[in-house]
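One structure is given here, and the rest of the page talks about it.
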Amino acid sequence: MQKKIYGYVRVSTREQNADRQMASMREMDVPEENIYLDRMSGKDFNRPRYQKLLRKLDSDSLLYIHSIDRLGRNYTEIQEEWRRITKRKGADIVVIDMPLLDTRRGKDLMGTFLSDIVLQVLSFVAENERSAIRQRQAEGIAEAKKKGTRFGRPRKPVPEGFQHQYQKWREGKTTLKEAAKACGMPLSTFYAKGKAL
């Protein structure tokens, strides 16, 4: 019986480009309507298209993913999702950029053993790479801060007359609400800016 072919593509943000993954799905002849794309973080599995795909998978399914880290962000997640798809759902998986991870081949004990070893090594590498990226990012931010680089939105200057209104409020000549309104600021912002003086 012919297997139903599916593909899963994920990019972490709406701005990221999914073209490379989509092209690899087309090269594998995954029907366009069976390619499930999520544009969101892989921090958990509450991804609408991924959940919809999981409901479709069964023992007559073949799932293509571009790389192993599309399944999860860390060693444990990747292992659990692999088992969920291959053991509980009974579907086959092919990892396009790692041809050794193709559950259609080696259904015997030795094939399963080798596939499990490769999966464990790649899951470890994926998590290790994420940790290294976070470490490099933290080091880069720390260096930039040392050089005086500011992160986040630029601070808005306080409006003209702010200090006068703040002083009036401190002296009890006006209410906090009136002083904030005179400066065109929310209460919490007015109070926070005043505390920072």
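The values are calculated or read from the model by the stated rules, or taken from the named source; none is laboratory data. This is a predicted model, so every value here is computed, not measured. Note: ideal-geometry Cβ built from the backbone for every residue, glycine included; neighbour counts use all protein chains shown.
Numerical summary
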read-out	value
Pairs where the first residue, in the range 168-197, is part of a helix (DSSP H, G or I) and the second is β-branched (Val, Ile, Thr) and surrounded by 11 or more Cβ atoms within 10 Å (Cβ to Cβ), C-beta under 7 Å, 6+ apart	Lys168/Thr174; Lys193/Val158
Odd one out for Asp69, checked against (1) surrounded by 14 or more Cβ atoms within 10 Å (Cβ to Cβ); (2) in a loop (DSSP other than H, G, I, E, B)	(2)
Tabulated pairs, the range 90-102, first in contact (Cβ under 8 Å) with a residue 60 or more places away in the chain, second basic (Lys, Arg), C-beta under 8 angstrom, 6+ apart or interchain	Asp92/Lys3; Asp92/Arg104; Val94/Arg104
Where Asn17 falls short, out of the listed (1) surrounded by 11 or more Cβ atoms within 10 Å (Cβ to Cβ); (2) out of contact with any Gly (no Cβ under 9 Å at 6 or more places or on another chain)	(1)
Pairs with Cβ under 9 Å, 6+ apart, first in the range 22-36 and part of a loop (DSSP other than H, G, I, E, B), second among the β-branched types (Val, Ile, Thr)	Met28/Ile5; Met28/Val94; Met28/Ile96; Asp29/Ile5; Val30/Ile5; Pro31/Ile5
Residue ID - nearest to Phe45 (Cα to Cα), chosen from residues in the range 1-14 that are assigned to a loop (DSSP other than H, G, I, E, B) and in contact with a Lys or Arg (Cβ under 9 Å, 6 or more places away or on another chain)	Ser12
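The rows are residues; the columns are (1) at pLDDT below 80; (2) within 30 Å of Thr76 (Cα to Cα); (3) not charged (D, E, K, R).
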site: Ile133; (1), (2), (3): yes, yes, yes
site: Lys147; (1), (2), (3): no, no, no
site: Pro157; (1), (2), (3): no, no, yes
site: Gln167; (1), (2), (3): no, no, yes
site: Arg170; (1), (2), (3): no, no, no
site: Ala180; (1), (2), (3): no, no, yes
site: Pro186; (1), (2), (3): no, no, yes
site: Ala192; (1), (2), (3): no, no, yes
site: Ala196; (1), (2), (3): yes, no, yes
